Amino acid sequence: MHPSAEPLSNHELVARIRQCETEAEAALYEKFSAKVYFTALSETHSREDAEDIRAETFLRVIQALRADKLRSAESLPSFIVGFTLNVAREH
């Protein structure tokens, strides 16, 4: 993704990830990485665990998006937070 390009909307991100576009996966990570990390950090109080949870969360989110598990692109942020909390609880 070009640095001056407009960020993709959640709808575009979801559609492109479903088509296995790696640039869209990177854009998803860039867009939500900090939120996932700080959510995980607030749950675990460990930087190392938060990093592990972030990595696992994005793996699961991308798999779920490819499997068409998200009903509405508008709910993408809460979908990701839900995965983050589940991974943190499993950790």
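Laboratory data are not the source of any read-out in this text; all were calculated from the coordinates shown. These numbers come from a predicted model, not from an experiment. Neighbour counts run over all protein chains shown; Cβ positions are idealised from the backbone, glycine included.
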Worksheet item: For labels at R60 and A15 in the simple 7 Å Cα→Cβ model, what's the distance in nm?
Response: 2.8
Practice prompt. Using 0.36 nm per residue of separation minus the Cα-Cα distance, give me the extension gain between E90 and S46 in nm, one decimal.
Written response: 14.4 nm
Practice prompt. Within the chain, report the trypsin sites (Lys or Arg not before Pro) that DSSP leaves as loop and that have at most 12 other Cβ atoms within 10 Å.
Written response: K69, R71
Fill in: Descending Cα extents along the principal axes, the chain, whole Å
34, 29, 19
Worksheet item: To the nearest 10 degrees, how steeply does helix 47-66 sit against the main Cα axis of the chain, on a 0 to 90 scale?
Response: 40
